[in-house]
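Novice: Dropping the structure in here first, questions after.
Computed from the coordinates by the stated procedures, all read-outs in this text should not be read as laboratory data. The structure displayed is predicted, hence computed values, not measured ones. With ideal geometry, Cβ positions are generated from the backbone for all residues, glycine too; neighbour counts draw on all protein chains shown.
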Amino acid sequence: MSLRRIAAVAERVLRQLRHDRRVLVFMLVLPAVAMILFGYSFSGDITGVRVAFVDEDDTDLTQTLRDNLRADSAFRLAELPVGQDPEQLLLEAGYQAVIRIPDKFTSLYYAHFAMGVATSAQGRIDLTLDESDPQIAATVQKGLADALMDLGEGGPVDVQVKDLYGVEVRFIDSFAPAIMGLVVALISTVLTLLSIVREKVDGTFARVWVSPVRRAEFILGYVVAFGAVALVQSLVVLSVGKLVFGILINGSIAWAFLCVILFAIGSVGLGTLLSALAQTESQAVVFFPLVIVPSVLLSGMMWPIQAIPPLLRPLSYLVPLTYSNRLLRAVMVKGLAPWQEPVGLGGLLGFVVLTIAAASLILRQRARGAE
Amino acid sequence: MTSPCESVFSARDVTKTFGAFRAVDGVSIDVPAGEIYGLVGPSGAGKTTLIRLFCGLAAATHGEARLLGHAMPGDRRAVESRFGYMPQEKAVYRDLSVGENLLFFGQIYGMDRQRIARRTTEILSLMRLGDRVRQRADSLSGGERQRLSLACALLHEPDALLLDEPTIGLDPALRAQFWDHFHALSKGGRTILLSTHYLLEAERCRRVGLMQAGRFIAEGTPAELRSAAASRAGRAVPDMEDVFLVLTASSEGAS
Ligand SMILES: Nc1ncnc2c1ncn2[C@@H]1O[C@H](COP(=O)(O)OP(=O)(O)OP(=O)(O)O)[C@@H](O)[C@H]1O
Ligand SMILES: [Mg+2]
C-alpha cells in the first residue's frame, strides 16, 4: 500500500472534476438548491410512533386515557412499570415519547370539575419528547390532546412538555442533515460510477490495472477525492441552511463532518459496485434513479419513517440514507456523539464495510474478465 | 536489468479461448532483450489478445506467458513497474490536460515531480506535442491523442514495451520519426513487442511474427519471411504486402 499512489489517484480524480465545469457547478450548486427547494414542510400520515406510557395513578380514568391513546394508529403504545427515567427510555430504549401520569392525577382531575374554575387544582401529565423530529413531536402532542378530549367531563389537564434536547427544533433544522446526506450520497455514487465506467470505456482502467496501483489504492484514491468533495458540499449545505433558514446546529460540526465522510466512503463503494454492472456511460445513467428515488422517498428525509406505509417500511432499512439521517440528526440536532446513535452508526459502518469489500472483489473480477 | 540470455517476452504453446473460440491458439514466442518484435496479421488474428496476455490483463487458458522472466498475470507484481503498455484504443484521460495525463502516469509509477517534469518535456518534444501541455486531451486531434497515449507508456522509461498499434493514424513523416525512436530505445537495451497493420513497418522490426486466426503462420526476420514467401510462390516477392498475402493465402489453403 502506497500513500503516494493513493494521493496520485485522488489528485487525478479531483483534477478531472475541476476540469469539468458542469460537474463542478452541479456539485456545488446542487447542495444549495436542494437545501432551498426542499426547505418546505412535508408530511404524511404518521403511524406507529413508539410511545412509552407510565401510569403511576392507575385508575379507571387513566386506563381509559391509555385505551384512547392505544386506539390512535399514530402510536405504538407500550405500558411500562413505574419508576423508569423518561430520558433513559428515550435515549436507550428507542422510545420517541414518554407519557407519565403522576399519582393523584385522577383526584385532581375530578376536583377541578367539582370545584369549578375557581380552583387552581389541575391534573398534570408529564410528556417527555424527542424534539429532534418536529413532525413526530407534533403528532404526539396532538394525539395526547385528542385522547384527553375524549375523556369527557373533567378539568383541563396541564400537559407539561419536556423536550429532551432543550430547544424547539423546526422541520428545517432536522432537514439540513438529510440534505447533506442526500447530496453527498448522490454526488459520490454517481460520479464514482461514471468515472470508473469511463475509465473502462477509454481503456485507462487497463493502464492503471497493469501499473503498480493496487485495487485498494485505486478505491482509496476515489474515497479521498470524494471525501474532500463531501466536506465542501456539507459546508455549502450548512452555510445555506444557516444564512437562508437560520438553522440551528446543536452538536459538534466536526462529528457531523466525520459522519458525512463515512457516508461518502460507502457511497464511493456503491458507485464502484454499480460500475461493474455498466459497460457504457449511458448504461450507467440507468442507475441514477435507483440511487435517488429510494433515498428521497424512504429514508425518513421528507417525512418520518413512521409516515411510510408499514408494508414499505422494511425497505427503508435497506436505504443507506436512512442510517445517515439518523446519525446526522443525532449528531447535529440532538448534539449527541455518534456512538449514542448506535443504529445509525452501525448501519453506516455496515454500509461502508459491505460496499467497499464488495467493490474490491468486483474490481478484481472486472480486471480479470476485462478481456 | 534483464540478463542477456533471458527472454524478455516468452510464451510456450500459449492458448487463450473465449468460450469455444480460440483467440490465441498454441503460440510460442521468444523475444530477447533489445529486440523489436512485430506482430502482424489480419484484423481479429489475436495480436491484441497476445499482448494482453503478456501484460497480465488476461490469463492464458493453457500455457504461460512470461514477461521479464515472470509468469503473467500470477507474478505481475514483480515486474509491474518495469514495462510500459499502450492499449490499442487511445487510452488517455480525455478530461485531463496533456501534462496532467503524464503527471498521473508518472506518479503512479513512483516518479518524483522533478523527473516527471524533465521526462514530460523530453517526451512531448519527441511527440511534437511540446506546445500542448495545457491542452485538454479531448480537444487533441486523433493522431495527437495517439501520441499522448504512447507518451504515457514511455514516460517511466521501462525495460519492456508492449505497444498495440502505436503508429496507427500517424502521417508517414511522424511514423518514420517514431521508428527512429524505437530503434534508439532498442539500442539502449529496451525490448519492444508491437503490433501493426502497416506491412512496411514490418521491415523495420528485427523479427516479425505473422499471425492468423490465433496462430503464428510464419516467424522470422523480414528477409527470412521474404524468402519463405518466394519459395512458396515460386517467384521473388520483394514487397512486404505480397509476402503477407502469399503466406496467409498458402496457410488458408493448408488448413
Ligand atoms: N473478450 C472477448 N470475448 C470474446 N471474443 C473476444 C474477446 N476479445 C477478443 N475476442 C476475439 O478474439 C479475436 C482476436 O481479437 P484481437 O483483438 O486479439 O485481434 P487483433 O489481432 O488485435 O485484431 P485488430 O487488428 O483488429 O486489432 C477476435 O475475433 C475477437 O473477436
Ligand atoms: Mg488489436
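Novice: Going by average Cβ density within 10 Å per residue, which order do the peptides A:352-361, B:168-177, A:230-239 take, highest to lowest? It would help to have the intermediate numbers written out before the result.
Specialist: Details: A:352-361: 17.7, B:168-177: 14.2, A:230-239: 20.5.
For the peptides A:352-361, B:168-177, A:230-239, the packing ranking is A:230-239, A:352-361, B:168-177.
Novice: Right, next: Sort A:332-338, B:109-115, A:189-195 for me by packing, meaning the mean count of neighbouring Cβ atoms within 10 Å per residue, highest on top. Don't skip to the end; give the middle numbers.
Specialist: Working: A:332-338: 21.0, B:109-115: 14.4, A:189-195: 24.7.
The packing order, highest mean first, is A:189-195, A:332-338, B:109-115.
Novice: Calculate the length of the line joining the C-alpha centroid of the range A:48-114 to that of the range B:1-70, in whole Å.
Specialist: Centre-to-centre distance over Cα atoms comes out at 78 Å.
Novice: Something else now. So for chain A: antiparallel DSSP bridges make up what percent, rounded to the nearest 5? Write down the numbers at each step before the final one.
Specialist: Values: 4 of 22 bridges.
Of all bridge pairs located within chain A, approximately 20 percent are antiparallel.
Novice: Quick one: 3J(HN,Hα) in Hz for the range B:106-111, Karplus 6.51/-1.76/1.60 with θ = phi - 60°, rounded, Gly and Pro as x.
Specialist: Each residue of the range B:106-111 in turn: x, 5, 6, 9, x, 7 Hz.
Novice: For the ranges B:58-71, A:316-329, what's the packing order if you count other beta-carbon atoms within 10 Å of each residue, average per peptide, and put the highest first?
Specialist: On the way: B:58-71: 19.3, A:316-329: 24.4.
Per-residue Cβ counts within 10 Å, averaged per peptide and sorted highest first, yield A:316-329, B:58-71.
Novice: Quote to one decimal, in nm, the extra length available between B:Asp75 and B:Asp131 on full extension: 0.36 nm per residue of separation minus the C-alpha distance between them.
Specialist: Values: separation 56, 0.36 × 56 = 20.16 nm, distance 3.96 nm.
Gain in length upon complete extension: 16.2 nm.
Novice: How many percent of DSSP beta bridges within chain B run antiparallel, rounded to 5? Write down the numbers at each step before the final one.
Specialist: Details: 22 of 39 bridges.
In chain B, DSSP labels about 55 percent of beta bridges as antiparallel.
Novice: How much of the calculated P(r) for chain A lies past 27 Å, in percent of all Cα pairs?
Specialist: Cα-Cα pairs in chain A separated by more than 27 Å: 54 percent.
Novice: Further question: Return a whole-number percent for the relative contact order of the range A:220-295, with Cα pairs under 8 Å and 6 or more residues apart as the contact set. It would help to have the intermediate numbers written out before the result.
Specialist: Values: 25 pairs, mean separation 27.5, N = 76.
Reported as a whole number, the value is 36 percent.
Novice: Find the lysine pairs in the protein assembly as shown meeting two conditions, Cα atoms under 21 Å apart and a separation of 8 or more places or different chains, and report how many there are. Working shown, then result.
Specialist: Working: A:Lys104/A:Lys162; A:Lys142/A:Lys162; A:Lys162/A:Lys334; A:Lys200/B:Lys47; A:Lys200/B:Lys90; A:Lys242/A:Lys334; B:Lys16/B:Lys47; B:Lys47/B:Lys90.
Lysine pairs satisfying the spacing and distance rule in the protein assembly as shown number 8.
Novice: Given the convex hull of the Cα atoms of the protein assembly as shown, what is a quarter of its surface area in nm²?
Specialist: Details: hull surface 138.0 nm².
If you wrap the Cα atoms of the protein assembly as shown in a convex hull and average its projections, you get 34.5 nm².
Novice: Additional query: Mind checking the mean number of beta-carbon atoms from other chains within 10 Å of the Cβ atoms in B:101-110?
Specialist: Working: counts 3, 0, 4, 11, 6, 1, 9, 15, 5, 6.
Taking the mean over all residues of the peptide, I get 6.
Novice: Post the alpha-carbon centroid distance, the range B:75-94 to the range A:18-37, in whole angstrom.
Specialist: About 35 Å separates the Cα centre of the range B:75-94 from the one of the range A:18-37.
Novice: Taking N as the number of residues in chain B, what value does Rg over Cα atoms divided by 2.2 N^0.38 Å take?
Specialist: On the way: Rg = 18.4 Å, N = 255, 2.2 N^0.38 = 18.1 Å.
Scaled against compact globular proteins, the figure is 1.02.
Novice: Just counting partner chain Cβ atoms within 10 Å, what average do the residues of peptide B:77-85 show around their Cβ? Let's see the in-between values first.
Specialist: Values: counts 2, 0, 1, 6, 2, 0, 2, 3, 5.
Mean partner shielding for this stretch: 2.
Novice: If you don't mind, there's one more thing I want to ask. Based on alpha-carbon centroids, what's the gap between the range B:216-230 and the range A:245-286 in Å, whole number please?
Specialist: 59 Å
Novice: Give the Debye-formula value of log10 I(q)/I(0) at each listed q (0.14 Å⁻¹), with one equal scatterer per alpha carbon of the range A:207-349, two decimals each.
Specialist: -0.79
Novice: Can you give the % of DSSP beta bridges in the range A:49-163 that are antiparallel, to the nearest 5?
Specialist: About 20 percent, rounded to the nearest 5.
Novice: Something else now. Tell me which DSSP H helices of chain A clear both cut-offs, 30 Å or more of axial length from alpha-carbon atoms and a mean Kyte-Doolittle hydropathy of at least 1.6.
Specialist: Details: long enough: A:171-202 (46 Å, 1.44); A:215-245 (43 Å, 1.72); A:253-275 (32 Å, 2.17); A:342-368 (39 Å, 1.21).
Span-like helices in chain A: A:215-245, A:253-275.
Novice: Right, something else. Zone of A:Ala93 (label point 7 Å along Cα→Cβ, backbone N under 11 Å): which residues in the range A:47-85?
Specialist: A:51-55, A:78-85, by backbone N distance to the label point.
Novice: Within 10 Å of each Cβ in A:198-206, how many Cβ atoms from other chains are there, averaged over the peptide? It would help to have the intermediate numbers written out before the result.
Specialist: Numbers: counts 3, 2, 0, 3, 10, 9, 13, 3, 8.
Whole-number average of other-chain Cβ neighbours for A:198-206 is 6.
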